[in-house]
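Asks: Let me give you the structure first, and then I'll get to my questions.
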Amino acid sequence: MVRAFAVEQNASTRAEAPVLFERACTLGLALGCTNYAAWIWSSGGSSEDLDCARRVFAKSCAVKEKFACGMVGRMLYERAKTPDDYARVRESLEQSCGAVKGFPCRVLAKYLEDGKLGVYEPGRVFELLARACEGGDKNACGSPATANETFTH
């Protein structure tokens, strides 16, 4: 994984990164699977590619890989159109936030702020950011003014 991250940062070797992430995934490393799915998703491929990314994120989340759990919620949110869809997004992120803390809590905080996941109690966003930070999501730390600003880094 260290090599994959290094390769990803270098413009001349960046295209090799998904191959390395896929290999890490095949060898059983959940974080490798998460990063491979993120490459698939960010490539903007076919609906079959996006379905594959969703399945990979879900399998990584099932073994409590925090970033994958947040990405499951993000993919659900992008497809949501109806109040029932948004209720499923909220339910998924609430469950993941409770189970693993970290990134899913920050994603939930952002989407609550965005206003499509229903009403929430004042202070809930900051509680979720604190829980995200406590769970290892460094982008949620430091008392940000909003959850949305934590996604601008």
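Asks: Would you confirm whether or not the stretch 87-108 contains a residue that is of a type in the set (D, E, K, R) and more than 25 Å from A30 (Cβ to Cβ)?
Replies: no
Asks: Identify the single condition in (1) without any contact (Cβ under 8 Å) to a residue 24 or more places away in the chain; (2) in a helix (DSSP H, G or I) that A99 does not satisfy, given that it satisfies every other one.
Replies: A99 satisfies all of (1) without any contact (Cβ under 8 Å) to a residue 24 or more places away in the chain; (2) in a helix (DSSP H, G or I) except (1).
Asks: May I pose another question? Looking at (1) within 14 Å of the chain's Cα centre (by Cα); (2) assigned to a helix (DSSP H, G or I), which one does K64 not meet, given that it meets all the others?
Replies: Going through (1) within 14 Å of the chain's Cα centre (by Cα); (2) assigned to a helix (DSSP H, G or I) one by one, K64 breaks only (2).
Asks: Every residue in the stretch 103-125 that is small (G, A, S) and assigned to a loop (DSSP other than H, G, I, E, B), please.
Replies: G115, G118, G123
Asks: Testing E22 on (1) free of Cβ contacts under 8 Å to residues at least 40 places away in the same chain; (2) within 30 Å of P144 (Cβ to Cβ), one condition comes back false. Which one is that?
Replies: (2)
Asks: For the stretch 126-153, what are the residues that are part of a loop (DSSP other than H, G, I, E, B) and farther than 23 Å from K64 by Cα? Lay out the reasoning, then the answer.
Replies: Going through the stretch 126-153, the residues part of a loop (DSSP other than H, G, I, E, B) turn out to be 135-137, 141-147, 152-153.
Result: G142, S143, P144, A145, T146, T152, H153.
Asks: Here is a further query. Can you tell which of L108, L112 is more than 21 Å from C33 (Cα to Cα), buried (at least 24 other Cβ atoms within 10 Å of the Cβ) and without any contact (Cβ under 8 Å) to a residue 40 or more places away in the chain?
Replies: Result: L108 is the single residue among L108, L112 that is more than 21 Å from C33 (Cα to Cα), buried (at least 24 other Cβ atoms within 10 Å of the Cβ) and without any contact (Cβ under 8 Å) to a residue 40 or more places away in the chain.
Asks: If I filter the stretch 25-41 for residues that are on the phi < 0 side of the Ramachandran plot, free of Cβ contacts under 8 Å to residues at least 12 places away in the same chain and not assigned by TED's automatic domain parsing to the domain that holds C141, do I get at least one hit? Full working, then the answer.
Replies: At the first step, the residues of the stretch 25-41 found to be on the phi < 0 side of the Ramachandran plot are 25-27, 29-41.
From the residues that got through so far, the ones that are free of Cβ contacts under 8 Å to residues at least 12 places away in the same chain too are 26-27.
When the remaining residues are screened for being not assigned by TED's automatic domain parsing to the domain that holds C141, the result is 26-27.
The answer is yes; a qualifying residue exists.
Asks: In the stretch 67-87, how many are crowded, with 16+ Cβ neighbours inside 10 Å and assigned to a helix (DSSP H, G or I)? Even if it seems obvious, please write down each step before you answer.
Replies: Within the stretch 67-87, the first condition is being crowded, with 16+ Cβ neighbours inside 10 Å, and the residues that meet it are 67-77, 80, 86.
So of that shortlist, the ones also assigned to a helix (DSSP H, G or I) come out as 67-77, 86.
Number of matching residues: 12.
Asks: Can you tell me which residue among V56, V125, V107 is in the same structural domain as A30 (by TED's automatic domain parsing) and aliphatic (A, V, I, L, M)?
Replies: On the way: V125 fails: in the same structural domain as A30 (by TED's automatic domain parsing); V107 fails: in the same structural domain as A30 (by TED's automatic domain parsing).
The unique qualifying residue is V56.
The values are calculated or read from the model by the stated rules, or taken from the named source; none is laboratory data. Computed from a predicted structure; not experimentally measured. As a convention, Cβ positions derive from the backbone with ideal geometry for all residues, glycine included, and neighbour counts pool all protein chains shown.
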